[in-house]
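Trainee: Would you mind keeping the following structure in view while I ask a few things?
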Amino acid sequence: KADAVYFPSCISRTMGSPPGEAPDLSPTQAMLALTHRAGLNLFIANDIAGTCCGVPFSSKGYDEAHRISVNRAIERFWEWSEQGRLSIVVDTSPCTYGFRTCRPYLDPENQKRFDAMSILDSIEFAYDELLPRLTVRRKVGTIALHPVCSLTKMNLTAKLEAIGKACSGSVFIPPNSGCCGFAGDRGFLFPELTESATKEQGAEVQAKNFDGYYSSSRTCEIGMTRAVGQNYRSYLHLLEQATRE
């Protein structure tokens, strides 16, 4: 009776809240609360452990590991989605992009499966399916958004902004918004990369006061939190809190 398959990314499944973040639902719990509130049902597979988009391998040049990872994931997606009947919703934008661009690495059988499936970023699912079914009961004043690189490549920034506008009085996207430089795990190992990459957009955000700071990737949120000195969170928190009864 599911309306879609929900794939919480490895990042969502393993990373908790950073110091200073208000105790609340995890992004995964927020997604489930939203879909329940909207009258929709998501399916999370029992055998999700070990399933990965392969980006951690591909970004480091481990092509064979990437190939194994994405082929295994597409095989499972095919089963979970009932042979493509249900869409797959991914809650971390870089992971969505990794799946959407993985076709050249798939074997012929998985390429056929890939072509028959729909892999959605949670932002487009939230905008297209959840927001029309939800009632915004409270808005925050002003918010800052960070569209991650992969979201920009998928042309979904406008939908993130639209969700932000539905839940706030005004939305600010820095004119110099761009790559935060976190690049998977590089920001953990070489924080000077994120410091350099976010210098201009960080300054633009710091020049104003906002009631909330949001994005769609936990690692990118860490990078922006460092740059601005304010906690960036998943946009799912914004939507969940705005529509909470």
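The values are calculated or read from the model by the stated rules, or taken from the named source; none is laboratory data. Worth saying up front: this structure is predicted, and the values here are computed from it rather than measured. A quick note on method: Cβ atoms are made from the backbone with ideal geometry, for glycine too, and the neighbour counts reach across all protein chains shown. Side chains included, ligands, DNA and RNA excluded: accessible areas come from the protein's heavy atoms. Shrake-Rupley method; radii C 1.70, N 1.55, O 1.52, S 1.80 Å.
Trainee: Suppose we keep just the alpha-carbon trace of segment 139-245; what are its Rg and Dmax in angstrom?
Mentor: Just the Cα atoms of segment 139-245 yield Rg and Dmax of 13.1, 42 Å.
Trainee: Can I ask one more? Could you list, in their original order, any pairs among 1/112; 1/153; 60/208; 1/139; 112/153 whose Cα atoms are separated by more than 30 Å? Don't jump to the answer; show the numbers that get you there.
Mentor: On the way: 1/112 25 Å; 1/153 33 Å; 60/208 37 Å; 1/139 32 Å; 112/153 24 Å.
Pairs exceeding 30 Å: 1/153; 60/208; 1/139.
Trainee: What residues have an amide H closer than 5 Å to that of residue 42, excluding those fewer than 5 places away on the same chain, when H is modeled at 1.01 Å from N in the peptide plane?
Mentor: Those qualifying (amide H under 5 Å, at least 5 residues apart or on another chain) are 3.
Trainee: What is segment 140-210's relative contact order, in percent, from Cα pairs under 8 angstrom and six or more apart in sequence?
Mentor: Working: 78 pairs, mean separation 24.6, N = 71.
RCO, segment 140-210: 35 percent.
Trainee: Turning to a different aspect of this structure: Starting from the Cα of residue 48, step 7 Å toward the Cβ, then list every residue of segment 1-15 with an amide N under 11 Å from that point.
Mentor: 5-14
Trainee: If we count every other residue with Cβ under 13 angstrom of residue 120's Cβ, Lys/Arg +1 and Asp/Glu -1, where does the sum land?
Mentor: Values: positive: 100, 159; negative: 3, 91, 121, 124, 128, 129.
So the surrounding residues net to -4.
Trainee: Name the long-range amide H neighbours of residue 148: under 5 Å, sequence gap of 5 or more, or other chain; modelled H, no Pro or chain starts.
Mentor: Residues meeting the amide H criterion: 216.
Trainee: What does the net charge come to around residue 106 if you take all other residues with beta carbon closer than 11 Å to its beta carbon, with K and R at +1 and D and E at -1? Walk me through the numbers on the way to the answer.
Mentor: Working: positive: 67, 72, 103, 112, 113; negative: 75, 107, 109, 115.
Every neighbour counted, the sum reads +1.
Trainee: Give the span of segment 73-198's Cα atoms along each principal axis, as three whole-Å numbers ordered largest to smallest.
Mentor: Rounded to whole Å, the extents work out to 48, 42, 20 Å.
Trainee: Just the number, please: Stokes-Einstein D of the chain in µm²/s, Kirkwood Rh from C-alpha pairs, 4 °C, 1.567 mPa s. Show your work: numbers first, answer last.
Mentor: Details: Rh = 18.4 Å.
So the translational diffusion coefficient is about 71 µm²/s.
Trainee: What GluC sites (Glu not before Pro) in segment 1-89 are in a loop by DSSP, with at most 16 other Cβ atoms within 10 Å of the Cβ?
Mentor: Numbers: sites: 21, 64, 75, 79, 82; in loops: 21, 82.
Taking segment 1-89 and a limit of 16 other Cβ atoms within 10 Å, the loop GluC sites (Glu not before Pro) found are 21, 82.
Trainee: Apply the Karplus parameterisation 6.51 cos²θ - 1.76 cosθ + 1.60, with θ equal to phi minus 60°, to every residue of segment 147-160 and state each ³J(HN,Hα) to the nearest whole Hz, in sequence, with x for glycine and proline.
Mentor: x, 6, 3, 5, 5, 4, 5, 8, 6, 10, 4, 4, 6, 4
Trainee: Counting helices only, and only those DSSP H runs with n ≥ 4, report the 222 nm mean residue ellipticity of the chain as the sum of -39,500 (n - 2.57) divided by its residues, in deg cm²/dmol to the nearest 500.
Mentor: Values: 14 runs with 113 residues, N = 245.
Computed mean residue ellipticity for the chain: -12500 deg cm²/dmol.
Trainee: So if I restrict to the alpha-carbon atoms in segment 8-65, what is the Rg, and what is Dmax, the biggest pairwise distance, in Å?
Mentor: 14.9, 42
Trainee: On to the next question. Normalised by the residues of segment 18-111, what does the relative contact order come to in percent, with Cα pairs under 8 Å and at least six apart?
Mentor: Numbers: 52 pairs, mean separation 23.6, N = 94.
Here the relative contact order equals 25 percent.
Trainee: On the protein heavy atoms, probe 1.4 angstrom, tell me the percent of accessible surface of the chain carried by carbon and sulfur. Let's see the in-between values first.
Mentor: Details: 5780 of 11420 Å².
Ligands and nucleic acids excluded, carbon and sulfur reach 51 percent.
Trainee: When the Kirkwood radius is taken over all Cα pairs of segment 34-119, what Stokes-Einstein diffusion coefficient follows at 10 °C and 1.306 mPa s, in µm²/s? Intermediate values should be presented prior to the final figure.
Mentor: Working: Rh = 13.4 Å.
Rounded to a whole number, D works out at 118 µm²/s.
Trainee: Would you grab the residues whose amide H sits under 5 Å from the one on residue 53? Only those 5+ places off in sequence or on another chain, please, with H modelled 1.01 Å from N.
Mentor: Hits under the 5 Å cutoff: 10.
Trainee: Taking the Cα atoms of segment 135-184, what is the range of coordinates along each of the three principal axes, in descending order and whole Å?
Mentor: 36, 19, 18
Trainee: With a Cα-only, solvent-free Debye model of segment 194-235, what are the log10 I(q)/I(0) values at q = 0.18, 0.22, 0.31, 0.35 Å⁻¹?
Mentor: Taking Cα atoms of segment 194-235 as identical point scatterers yields -0.43, -0.64, -1.16, -1.29.
Trainee: Still on this model: Counting other Cβ atoms within 10 Å of each Cβ, which chymotrypsin sites (Phe, Trp or Tyr not before Pro) in segment 57-156 have at most 16 and sit in a DSSP loop? Can you show the working numbers first?
Mentor: Working: sites: 57, 62, 77, 78, 80, 97, 99, 105, 114, 125, 127; in loops: 62.
Sites meeting the loop and neighbour criteria: 62.
Trainee: Accessible area per residue for segment 1-137 in Å², computed with a 1.4 Å probe and the full protein assembly in place, what is it? Let's see the in-between values first.
Mentor: Working: 6740 Å² over 137 residues.
That works out to 49 Å² for each residue.
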